[in-house]
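Written out below as structure tokens is the structure these notes cover.
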Amino acid sequence: MQLYLDSANIQHIREAAGWGILSGVTTNPSLLAKEDPKVDIKNRILEIHQLVGGHLSVEVISTDTDGMIREAHEIRSWFPDATIKIPMLPAGLAAVKKLSSENIPTNVTLIFNPIQAIAANNAGATYVSVFLGRLDDIGMNSEHILDEITSIWYTHGFESKIIAASIRNPLHIIQSAKSGAHIATIPYDVLKKSLKHPLTDIGIDIFLNDYDKLQTEIQKLLIEQ
Ligand code: G3P
């Protein structure tokens, strides 16, 4: 399963890209709104693109088909391998159909059930983003819904890739991998927390202390000789 960062924060993206485990970045208007409003959106997107060579999803804000297509072309003029994030609306599906006929990759976002996911796939989406945390927020079982979607995907051999999104904790990442999602897009804090384990830190301390002890013993022996 590939790991993407779900962020528009340059420091976080730079740091996580440095770990060598990122295959892409997903952004959305809410993530961009958390950042410095003095940096214009196009420049921020281009800066992110320079940091992470792989996938970069940029979301449109129009809700009508023509507006989405116009924005998609505008974003693709910024950098030619942009993936266009399109909301799961009937008008969005029509935009995906048109963009896919132009070989423009799309990521259909805000998917919460298997039928939305099938519709996005059939419209020609390259990626379908299933939101886990927001399902859990309303008392629905995101694990079960993601399992249903992945099982449909593998039964039918659908080509579009499933992105597990709205990830809020390490268990969501494990749940995504177990269910067979192709990608999990993860906020910086959750990814960083998931890479840490207290026994790893304790283990490093023990190794370093033992190494220091060994060095002291060696020095003693050298002095005694
Ligand atoms: O990728 C979608 C994600 O940014 C939404 O996350 O936590 O706002 O539901 P959240």
Can you work out the FRET efficiency for the pair E74 and F207, with r the C-beta to C-beta distance and R0 = 45 Å, to the nearest 0.05? 0.30
When ligands, DNA and RNA are left out and all protein chains stay put, how many square angstrom of accessible area per residue does the stretch 154-225 have with a 1.4 Å probe? 70 Å²
I'd like the Karplus ³J(HN,Hα) series for the stretch 57-69: coefficients 6.51, -1.76, 1.60, θ = phi - 60°, whole numbers in Hz, and an x wherever there's a Gly or Pro. 8, 10, 8, 7, 10, 5, 10, 10, 4, 4, x, 5, 5
Mind telling me which of M68, M88, M140 comes out most flexible in a GNM of the chain, alpha-carbon contacts under 10 Å? M140
Most fluctuating residue given options K97, K196, K38, as computed from a GNM of the chain linking Cα atoms under 10 Å: K38
Which residue, D137, D212, D64, has the most motion in a Gaussian network model of the chain that connects Cα atoms within less than 10 Å? D212
Explain nothing, just compute: Karplus ³J(HN,Hα) = 6.51 cos²θ - 1.76 cosθ + 1.60, θ = phi - 60°, for every residue of the stretch 191-196 in order, whole Hz, x for Gly and Pro. 5, 4, 4, 5, 7, 9
Extension reserve of the E159-D189 stretch, reckoned as 0.36 nm per residue once the Cα distance is removed: 7.7 nm
Taking 0.36 nm per residue of sequence separation and subtracting the Cα-Cα distance, how much length would be gained by fully extending the chain between L214 and V39, in nm to one decimal? 57.7 nm
Where a ≥ b ≥ c are the square roots of the eigenvalues of the C-alpha gyration tensor, would you call the stretch 1-40 rounded, which needs a/c under 1.5, or, failing that, prolate if a/b is larger than b/c, or oblate? oblate
Taking 0.36 nm per residue of sequence separation and subtracting the Cα-Cα distance, how much length would be gained by fully extending the chain between T200 and H144, in nm to one decimal? 17.0 nm
Sequence-distant residues sharing a close amide H with K85 (under 5 Å, placed H): V58, E59, V60, N107
In whole Hz, what ³J(HN,Hα) sequence does the stretch 207-213 give by Karplus (6.51, -1.76, 1.60; θ = phi - 60°), x for Gly and Pro? 4, 5, 4, 5, 5, 4, 4
So what is the accessible area of the stretch 4-122 per residue, in Å², with the probe set to 1.4 Å? 46 Å²
Just flag the chymotrypsin sites (Phe, Trp or Tyr not before Pro) in the stretch 1-86 sitting in loop per DSSP whose Cβ has no more than 12 other Cβ atoms within 10 Å. W19
May I ask for the angle, rounded to the nearest 10°, between helix 142-156 and the longest principal axis of the chain, with both axes built from Cα atoms and the value confined to 0 to 90°? 70 degrees
Considering only protein heavy atoms and a probe of 1.4 Å, how much of the accessible area of the chain is carbon and sulfur, as a whole percent? 57 percent
Calculate, for D137 and I61, the FRET efficiency according to 1/(1 + (r/R0)^6) with r their C-beta to C-beta distance and R0 22 Å; round to the nearest 0.05. 0.45
In deg cm²/dmol and to the nearest 500, what is the mean residue ellipticity at 222 nm of the chain if only DSSP H runs of at least 4 residues count, each as -39500 (n - 2.57), divided by the residue total? -17000 deg cm²/dmol
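The values are calculated or read from the model by the stated rules, or taken from the named source; none is laboratory data. Keep in mind that what you see is a predicted model, and the values were worked out from it rather than measured. Quick reminder, even Gly has a Cβ in these numbers, built from the backbone with ideal geometry, and neighbours come from all protein chains shown. When the accessible area is computed, the model is the full protein with side chains, heavy atoms only, and any ligands, DNA or RNA have been set aside. Shrake-Rupley method; radii C 1.70, N 1.55, O 1.52, S 1.80 Å.
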